[in-house]
Amino acid sequence: MAEQTIKKVAVLGAGVMGSGIAAHVANAGIPVLLLDIVPPNLTEAEKGQRSARNRFSAGSLEKALKQKPAPFFHARNAELVEIGNFDDDLARIAECDWVVEVVKEDLAVKKALFEKIDKVRKPGTLITSNTSGIPLAKLIEGRSQDFRKNFFITHFFNPVRYMKLLELVTGGETDQNAVKAFHHFGEERLGKGVVYGKDTPNFVANRIGIFGMMYAIHEMMRQGLSIEEVDAIVGPPLGRPKSAAFRTADIVGLDTFAHVARNCFDLLPNDPQRDVFKIPEFIDKLIAAGKLGDKTKGGFYEKTKNGLVALDWKSGTWKPQEKVRIDSLGVAKNTEELDARMKVVVNASDKAGKYAWPVMAQTLVYSANRLGEIADDVRAIDQGMQWGFNWEKGPFQSWDAIGVPESVERMKKDGIQVPAWVTEMLATGCKSFYKSEGGKDFYYDPKKKGYIAISEKPRELRYAALKADKKRVVKDNYGASLVDLGDSVLGLEFHTKMNALDADIISLLNDGIDEAEKNWKALVVANDGEHFSAGANLMLVFLESQNKNWDGLKTMVKGLQSAAMRMRQSNIPVVTAPFGMALGGGCEVAMAADAMRAHGELYMGLVEVGVGLIPAGSGTKELLCRTLERIPDGMDVDLLPWVGRAFEAIALAKVSTSAEEAKSIGFLNARDGITMHRDHLLHDAKHTALGLANAGYRKPALRKVKAMGRGGFAALKTMVINLVEAGRASEHDAKIAIHVARILTGGDVAPGSLVTEQHLLDLECEAFLSLCGEEKSLARIQAMLTTGKPLRN
C-alpha cells in the first residue's frame, strides 16, 4: 500500500484517544469516520432516532471542539469528521483505507469487534489497534489471512496532536511493506516520530517511563523526601519536563498511571525489577478517594483559594506547597548546557545528588537490560522517551552526558549490576553509546559490537549536521549563522537564548541578504531549537527607555524595520520557517518574507501590547497590508470590518494555537505552506524558496494602502473608549490601543488617502518611542522581565 492511498480513515471508539486520533487525522486533511457503540438503555422512541443512536460519537466530537488544549488545529477541521455507530455504520469501513481500533482495553471486546470488521472490510485495508498491552497474536486469533497480514499495533500517545511518539508493533505474519507504507504516512502526513517496539507489555516508552517514575516514588519513600523535592530534582535539572514525576501523574491521571504500572506488574512475572511496579499504599488511597489528578481537580497537587497545596504522602494530608532550596539545584538552574547540568546534580553530595544518582542509575541500567526485549536498538528507546515523555535526552543519551566509564565505575562501587553488553562495549574502547565522526552520527549496537551509522532521511535537514562541515558555515557571529543549505540556498539560523532578536541577528540578516543577492538563489530564515523566536531583546528596550536613550531606541526600531523591508524588497526570494513560538519581533521577521513554510504547531502573535508597547518592527504595517490584500481587486467595501480584524489581533495580543489558526488571524497568507513534521521544516522551507527562485522570481512592488483616515480612527477610538467605560480595559490599555488604531487608519489623513509602507512604518516608530516614555509601559516591561507574567495596570 502506498502512503498516498490512505484517503479515508475509520476510527472505532470515540473516547479520549479515539477522538484525539480522529481530530489529528482531520488536521492532516483526511476525512474520518468516527464510530462508537449505540448507547444502552435508549427509550423505544430514541431507538429509531439517528441522533440518539450516535450520541456517544457526537458527544465525543462536541467535547473535542471545546477541549483545551485543542485537538484540532482549527475548528473547521471537525467538518472532516463524520460520526456514526457500530450497529448502523460499521459496513462503511469498506470506504476506508485504514481502520484503527480504540475501544475498551478488553481482549474479548476487541476480538468481537475485529470479527465484525473482517466481514465488511475491503481486502488490503490496514487494520490497527491502539492497545497498550494486549499481545498482538491474541488480537488476530481467528481472523482471515488478509486481515492478519494487514494488522499491526499503532500506539499513539495522549494528547495525540501534541505528543510526537507513535509506536509501531508488528507480528510474524504482518506484511512489512504495509508497515513501511504506514510508517511513511505516520511521519509525512501525521507528523509523528515512529519507533518500532516489540510485542511486550507497554511496549517501549511506557515500560521505561513508568519504571523511572515508580523507582523515583519508591526511592522517595526510602529517603523520606517530599513530593515537591522529588519534582524539583527529577524535572529540568535532569533534562525532564517541568511536570517531572508527580505533576506528570496528575496530568495523565492517577488511575491511568496506576493502570499502566499494574499492567507491567501483572504481565511481567520474570522481570527482575517487577516489584518496582507495585503501587504504594498512599497512591491506592488517593485513587480510592477519587483524587485522580487534574481531571478531578486534585491529586498529588491541588489548587485551593489559598494557593497550591501538595500531598504529604506520609500523613495523607495536604499542605501548602513548599519551595525547594537545595544547593546543587541552584547551581543547575544557572547552568544552561544540559550535560553539565545533569553532572552537577547526579554528582552532588547534598540531598538532591543523593536522590538523583540512584534514580538515574537504576533507570539507565533498566533501559540497558531491556535492549532486545522491548526494542532493537538504543535509538528506539531514546526516541521513545524523548517523544513520548518529553525528555530532552533519552536514557542512553543521558548516560553519555554524565560519562559512561565514570558512571559505570560508580555503579559497580554501589553494587549496581551493570549489563554485560555495556561492560563489553567499554572494554572494546567504545566509551559512549553515540558518536559523531566525519560529519556523520553513529550509535552503538551490541549485536554488531560496534557503531552503526544513523541513516539520513531525505526530508530531515538540520543545521547541526550541516555545520559539522565547517565549509558550509559562510559567516557567523554570537547571535546567528549563515549556512549553506545546498542547491544554492543560503540559510540564516538564530542561536540566541529563545532565539530572541538582537543586534547580531539583525546585522547578519542584512549580511545574508547581501550575500544571497550576489551568490545564491534564495535565502531561508529558519532555526533549530524549541522556538522560532520569542521576540526582541526586551531587557535592552527597558534599559534604553530608563536611560531615556531615545536615539538608541529609534536606531533599534529603524534597524528592524529596515531589515524587514529588505527581506521583502530583495532581488532573491526570502522564505521564513516559523514554528513553536514566533512572538513579537519573531512574528514580524516571519511575516516580512515572500513566503512562509510553517510547522503545524505554531504559536504566533504580535504580543507587544502585553508589555505596554506596539509592534514597531513592521508588524503593524504588515498585518494591515496582509488583511487588506484579502479584499478582491476592484471591490468597493467598508474597510472598518477588515481593519477591525487587524486591530483586534494586535490590541488583544492574539496568539495562534496552530499554523491554520495563524492563517485565519492573518499572520500567514492562504498560500503559505504547512509542514506536519518538525524535522522536515527546514527541508520544506528550502524547497519552497527554490520553487520561487526557479519559477522566475520578481520582487514585489512597494505597496500603497487605502487608509481609513480620520473617520476610521474616530470609529476605532470610540470602540476603545466603550471598553474602558465597561470596565473591560484600563486607561493605559486604551492609550496603547489608540496608538494601534492611529497606525492602522493611516494617521492624520483624509479617508481614502493612499499611504505608503514607509508612512506606516514611521507611525509605528513614533508610537513605540512615545510608549517607551510611559511609566506604566515600563512597569509592564519590568513585570514581564521579573515574573514572566503580564501586568495589567
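The values are calculated or read from the model by the stated rules, or taken from the named source; none is laboratory data. Note that this is a predicted model, so its numbers are computed, not measured. Counting neighbours? That spans all protein chains shown, and the Cβs are built from the backbone with ideal geometry, glycine included. Note: accessible area is taken over every heavy atom of the protein model, side chains too, but ligands, DNA and RNA are not part of it. Shrake-Rupley method; radii C 1.70, N 1.55, O 1.52, S 1.80 Å.
Given (1) free of Cβ contacts under 8 Å to residues at least 40 places away in the same chain; (2) within 25 Å of the chain's Cα centre (by Cα), identify the lone condition not met by Ile140.
The single condition Ile140 does not satisfy is (2).
Can you find, within region 528-540, the residue that is nearest to Lys467 (Cα to Cα) among those that are part of a loop (DSSP other than H, G, I, E, B) and among the small types (Gly, Ala, Ser)?
At the first step, the residues of region 528-540 found to be part of a loop (DSSP other than H, G, I, E, B) are 528-532, 534-535, 537.
Remaining after also requiring among the small types (Gly, Ala, Ser): 529, 534-535.
Numbers: Gly529: 15, Ala534: 24, Gly535: 25 Å.
It comes out as Gly529.
Suppose we filter Thr657, Thr688 for residues that are farther than 30 Å from Lys68 by Cα, β-branched (Val, Ile, Thr), surrounded by 14 or more Cβ atoms within 10 Å (Cβ to Cβ) and within 35 Å of the chain's Cα centre (by Cα); which single one remains?
So the residue among Thr657, Thr688 that is farther than 30 Å from Lys68 by Cα, β-branched (Val, Ile, Thr), surrounded by 14 or more Cβ atoms within 10 Å (Cβ to Cβ) and within 35 Å of the chain's Cα centre (by Cα) is Thr688.
List every residue pair whose Cβ atoms sit under 7 Å apart, with the two residues 6 or more apart in sequence or on different chains, where the first one lies in region 10-27 and is more than 12 Å from Lys63 (Cα to Cα) and the second, anywhere, is among the acidic types (Asp, Glu) and modelled with pLDDT of 95 or more.
Cβ pairs passing all conditions: Leu12/Glu101; Gly13/Asp36; Gly13/Glu101.
Please go through region 750-793 and give me each residue that is in contact with a Ser or Thr (Cβ under 8 Å, 6 or more places away or on another chain), open to solvent by less than 50 Å² (accessible area, probe 1.4 Å) and assigned to a loop (DSSP other than H, G, I, E, B), ordered by number.
Hits for region 750-793 are Gly773, Asn793.
For residues that are open to solvent by less than 40 Å² (accessible area, probe 1.4 Å) and either of a type in the set (S, T, N, Q) or part of a loop (DSSP other than H, G, I, E, B) (or both), tally how many sit in region 511-527.
2
Which pairs have Cβ atoms under 7 Å, sit 6 or more apart or on different chains, and link a residue in region 37-56 that is within 18 Å of Ser19 (Cα to Cα) and without any contact (Cβ under 8 Å) to a residue 40 or more places away in the chain to one that is of a type outside the set (Asp, Glu) and open to solvent by 40 Å² or more (accessible area, probe 1.4 Å)?
Pro39/Arg55; Pro39/Phe56; Asn54/Ile83
Residues of region 260-280 being within 17 Å of Ala216 (Cβ to Cβ) and exposed (fewer than 12 other Cβ atoms within 10 Å of the Cβ), which ones?
If the condition is that a residue be within 17 Å of Ala216 (Cβ to Cβ) and exposed (fewer than 12 other Cβ atoms within 10 Å of the Cβ), then Asp275 is the only one that fits.
For Thr718, state whether it is within 30 Å of Phe185 (Cα to Cα) and part of a helix (DSSP H, G or I). Give the derivation first.
Working: within 30 Å of Phe185 (Cα to Cα): no; part of a helix (DSSP H, G or I): yes.
Answer is no for this residue.
Considering only residues that are in contact (Cβ under 8 Å) with a residue 60 or more places away in the chain and either open to solvent by less than 10 Å² (accessible area, probe 1.4 Å) or under 23 Å from Lys558 (Cβ atoms) (or both), which ones fall in region 470-499?
Once the filter is applied, which keeps residues that are in contact (Cβ under 8 Å) with a residue 60 or more places away in the chain and either open to solvent by less than 10 Å² (accessible area, probe 1.4 Å) or under 23 Å from Lys558 (Cβ atoms) (or both), region 470-499 yields Leu485, Val489, Gly491, Asn499.
Please identify the pairs in which a residue from region 184-204 that is in contact (Cβ under 8 Å) with a residue 12 or more places away in the chain and aliphatic (A, V, I, L, M) has its Cβ atom under 7 Å from the Cβ atom of a residue that is assigned to a loop (DSSP other than H, G, I, E, B) and open to solvent by 20 Å² or more (accessible area, probe 1.4 Å), counting only partners at least 6 apart or on another chain.
Pairs that qualify, where the first residue is in contact (Cβ under 8 Å) with a residue 12 or more places away in the chain and aliphatic (A, V, I, L, M) and the partner is assigned to a loop (DSSP other than H, G, I, E, B) and open to solvent by 20 Å² or more (accessible area, probe 1.4 Å), are Leu190/Met676.
Would you mind finding the one in Lys413, Lys393 that is at pLDDT 95 or above, of a type outside the set (Asp, Glu) and within 27 Å of the chain's Cα centre (by Cα)?
Working: Lys413 fails: within 27 Å of the chain's Cα centre (by Cα).
Residue meeting the stated conditions: Lys393.
For region 340-385, which residues satisfy the criterion of being of a type in the set (Gly, Ala, Ser) and either under 30 Å from Asp327 (Cα atoms) or at pLDDT below 95 (or both)? Can you show your working first?
Let us first name the residues in region 340-385 that are of a type in the set (Gly, Ala, Ser), namely 340, 348-349, 352-353, 356, 361, 367-368, 372, 375, 380, 384.
Result: Ala340, Ala348, Ser349, Ala352, Gly353, Ala356, Ala361, Ser367.
Give region 455-469 a look and list any residue that's more than 21 Å from Gly580 (Cα to Cα) and loosely packed, with under 15 Cβ neighbours inside 10 Å, or say none.
Matches in region 455-469: Ser455, Glu456, Lys457, Pro458, Asp469.
Would you mind stating whether Glu530 is under 28 Å from Ser656 (Cβ atoms), among the charged types (D, E, K, R) and open to solvent by 60 Å² or more (accessible area, probe 1.4 Å)?
yes
Return yes when Asn334 is within 20 Å of Glu424 (Cα to Cα) and polar (S, T, N, Q) and no when it is not.
On the way: within 20 Å of Glu424 (Cα to Cα): no; polar (S, T, N, Q): yes.
Against the criterion (within 20 Å of Glu424 (Cα to Cα) and polar (S, T, N, Q)), Asn334 does not qualify.
Test Lys119 against the stated conditions and say whether it is on the phi < 0 side of the Ramachandran plot and without any contact (Cβ under 8 Å) to a residue 12 or more places away in the chain.
Values: on the phi < 0 side of the Ramachandran plot: yes; without any contact (Cβ under 8 Å) to a residue 12 or more places away in the chain: yes.
Against the criterion (on the phi < 0 side of the Ramachandran plot and without any contact (Cβ under 8 Å) to a residue 12 or more places away in the chain), Lys119 qualifies.
Which of the residues spanning region 10-19 are part of a helix (DSSP H, G or I) and open to solvent by less than 10 Å² (accessible area, probe 1.4 Å)?
Gly18
Looking at Pro573, is it surrounded by 22 or more Cβ atoms within 10 Å (Cβ to Cβ), more than 20 Å from Ala500 (Cβ to Cβ) and touching a Phe, Trp or Tyr at 6+ places or on another chain (Cβ under 9 Å)?
Working: surrounded by 22 or more Cβ atoms within 10 Å (Cβ to Cβ): yes; more than 20 Å from Ala500 (Cβ to Cβ): yes; touching a Phe, Trp or Tyr at 6+ places or on another chain (Cβ under 9 Å): yes.
So Pro573 passes the test.
Pull up region 592-615, narrow it to residues that are open to solvent by 10 Å² or more (accessible area, probe 1.4 Å), part of a loop (DSSP other than H, G, I, E, B) and not β-branched (Val, Ile, Thr), then point me to the one that is farthest from Thr787 (Cα to Cα).
First pass over region 592-615, keeping only residues open to solvent by 10 Å² or more (accessible area, probe 1.4 Å): 594-595, 597, 599, 601, 603, 607-611.
Narrowing the set further to residues that are part of a loop (DSSP other than H, G, I, E, B) leaves 594, 601, 607.
Cutting the leftovers down to not β-branched (Val, Ile, Thr) gives us 594, 601.
Working: Asp594: 36, Glu601: 26 Å.
Here the answer is Asp594.
Give the number of residues within region 705-746 that are under 19 Å from Arg626 (Cα atoms), touching a Lys or Arg at 6+ places or on another chain (Cβ under 9 Å), open to solvent by less than 20 Å² (accessible area, probe 1.4 Å) and not hydrophobic (A, V, I, L, M, F, W, C).
Residues that pass the stated criteria total 2.
Residues being over 20 Å from Lys285 (Cβ atoms) and in a loop (DSSP other than H, G, I, E, B): count how many of those fall in region 296-310.
Counting residues in region 296-310 that are over 20 Å from Lys285 (Cβ atoms) and in a loop (DSSP other than H, G, I, E, B) gives 2.
Suppose the filter is aliphatic (A, V, I, L, M), within 24 Å of Tyr301 (Cα to Cα) and assigned to a helix (DSSP H, G or I); does Leu364 pass it?
On the way: aliphatic (A, V, I, L, M): yes; within 24 Å of Tyr301 (Cα to Cα): no; assigned to a helix (DSSP H, G or I): yes.
No; evaluated as a whole, the condition is false for this residue.
Against the condition free of Cβ contacts under 8 Å to residues at least 40 places away in the same chain, surrounded by 21 or more Cβ atoms within 10 Å (Cβ to Cβ) and not in a loop (DSSP other than H, G, I, E, B), how does Gln397 come out, does it pass? Steps first, please.
Working: free of Cβ contacts under 8 Å to residues at least 40 places away in the same chain: yes; surrounded by 21 or more Cβ atoms within 10 Å (Cβ to Cβ): yes; not in a loop (DSSP other than H, G, I, E, B): yes.
Judged against the criteria, Gln397 is a match.
Out of Leu543, Leu553, Leu508, Leu560, which single residue is closer than 26 Å to Ser777 by Cα, open to solvent by less than 10 Å² (accessible area, probe 1.4 Å) and part of a helix (DSSP H, G or I)?
On the way: Leu543 fails: open to solvent by less than 10 Å² (accessible area, probe 1.4 Å); Leu508 fails: closer than 26 Å to Ser777 by Cα; Leu560 fails: open to solvent by less than 10 Å² (accessible area, probe 1.4 Å).
So the residue among Leu543, Leu553, Leu508, Leu560 that is closer than 26 Å to Ser777 by Cα, open to solvent by less than 10 Å² (accessible area, probe 1.4 Å) and part of a helix (DSSP H, G or I) is Leu553.
Among the candidates Leu33, Leu90, single out the residue that is modelled with pLDDT of 95 or more, of a type in the set (A, V, I, L, M) and either under 19 Å from Leu166 (Cβ atoms) or buried (at least 22 other Cβ atoms within 10 Å of the Cβ) (or both). Show your work before the answer.
On the way: Leu90 fails: either under 19 Å from Leu166 (Cβ atoms) or buried (at least 22 other Cβ atoms within 10 Å of the Cβ) (or both).
The match here is Leu33.
Here is a list: Ile374, Ile402, Ile416. Which entry is farther than 25 Å from Val252 by Cβ, crowded, with 19+ Cβ neighbours inside 10 Å, of a type in the set (A, V, I, L, M) and out of contact with any Leu (no Cβ under 7 Å at 6 or more places or on another chain)?
One residue alone meets the criteria, Ile402.
So Glu322 ticks every box in (1) open to solvent by 10 Å² or more (accessible area, probe 1.4 Å); (2) in a helix (DSSP H, G or I); (3) in contact (Cβ under 8 Å) with a residue 24 or more places away in the chain but one. Which box is left unticked?
Result: Glu322 passes all but (2).
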